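Heads up: the structure comes next, in structure tokens.
The values are calculated or read from the model by the stated rules, or taken from the named source; none is laboratory data. Model, not experiment: these values are computed from the prediction. All Cβ positions, even for glycine, are placed from backbone atoms using ideal geometry, and neighbour counts span all protein chains on display. When the accessible area is computed, the model is the full protein with side chains, heavy atoms only, and any ligands, DNA or RNA have been set aside. Shrake-Rupley method; radii C 1.70, N 1.55, O 1.52, S 1.80 Å.
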Amino acid sequence: MATKSKATQIFLSLLVLSQFIAASHGGGIAIYWGQNGNEGNLTSTCATKRYAYVNVAFLYKFGGGQTPELNLAGHCDPSSGRCQSVSTEIKYCQSQGIKVLLSLGGGVGNYTLISTADAKNVADYLWNNFLGGSSSSRPLGAAVLDGIDFDIESGSTEYWDDLAKFLSDYSKPEKKVYLSAAPQCPFPDRLLGTAIDTGIFDYVWVQFYNNPPCQYTSGNTANLLSSWNNNWAPSLKSGKLFLGLPAAPAAAGSGYIPPDVLTSQILPEIKKSTNYGGVMLWSKFYDDQTGYSASIKASV
């Protein structure tokens, strides 16, 4: 009787341990918001409770001595000061435990860095206008965003590591500046590889789409899994690694993964990585059309 009881205790302990390990590998969903006026505001986005991270896209013009410019498509016009009302929405998201980051760059923009000094100037601008500093012209009002996302798809191949270091230097024990990056899946990323290699990024959501050599194609998961397991997962020095995907076939030129394929064939494999962080989706507008995040959330 005593032996059976002891065996039961051991079984229960192992069960709890296995559940803890499984939970520790659970992830969150990151979403890009800001490039379609028909995707709802930030408050409604965060109220869905589907997302752990929201990237406000994009600061599409900066660097090289340019006056930085924010574009939020049909939501509001930052140049007129009419986006400061977004501040309340950002604070709501943060009150729900959701991290809100400003995304730099994007697929269409006029951005670059021409020197270390230029990177320092951009970092100071971001700190004073979107993070914990102060400025008379904060485009999104008084809300202090949680960090900066690097969605760098053109421009200079240099100084992004400097920008990341300067931003990281602004972190304080009471208020960390989170850094994320959205590299393309061909490894290493031509533009962000050196920056990511610094090891100071908290989240790396790799774009496994519009890149046939390392993305899913109909019925073939091998290229994607090879890229994840052989390149990205073992090389990331710190932080969490995310699988970046289009939320609808129309959201990208290629690389869309049907939700059932993702949850049955891909997520079980990549979740074995100790640095697995979750899934990133482009974008809120397309996610609204398909319900993609809702259909995968329980498996992420």
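Observations on the model:
- Global geometry of region 93-157, whether rounded, prolate or oblate, following the gyration tensor of its Cα atoms and the 1.5 cut on a/c: oblate
- Annotation for region 116-218: GluC sites (Glu not before Pro) lying in DSSP loop with at most 10 further Cβ atoms inside 10 Å of their Cβ are Glu174.
- Neighbours of Pro234 by Cβ distance under 14 Å: Lys/Arg scored +1, Asp/Glu scored -1, total +1.
- In a fully extended conformation the segment linking Ser264 and Ser136 would gain 41.0 nm over its present Cα-Cα distance, using 0.36 nm per residue.
- Protein-only accessible surface order, largest first, of Ser135, Ser264, Ser79, Ser87 at 1.4 Å: Ser79, Ser264, Ser135, Ser87
- Using the Cβ-Cβ distance between Asn110 and Ala47 with R0 = 30 Å, the FRET efficiency computed as 1/(1 + (r/R0)^6) comes to roughly 0.35.
- Rg [Å, one decimal], Dmax [Å, integer] - the chain, C-alpha atoms: 20.1, 79
- Amide N of region 47-76 lying under 18 Å from the label point, which is placed 7 angstrom from the Cα of Asp124 along Cα→Cβ: 62-69
- Sparsely packed trypsin sites (Lys or Arg not before Pro) within region 52-95, loop by DSSP, other Cβ within 10 Å at most 15: Arg82
- Rg/Rh ratio calculated on Cα atoms of region 171-300 (Kirkwood radius): 0.96
- The simple spin-label model puts a point 7 Å past each Cα toward its Cβ; for Thr217 and Gln289 those points are separated by 2.4 nm.
- Mean-position separation - Cα centroids, region 244-276 and region 124-190, in angstrom: 26 Å
- Hydrophobic long helices, here whole DSSP H runs in the chain with Kyte-Doolittle means of at least -1.0 and Cα atoms spread over 24 Å or more along the helix axis, are found at 2-24.
- Descending semi-axes in whole angstrom, ellipsoid equivalent of region 226-300, from the Cα gyration tensor: 22, 13, 11
- All other residues whose Cβ lies under 12 angstrom from that of Gly109 are scored, Lys and Arg at +1 and Asp and Glu at -1, for a net of -2.
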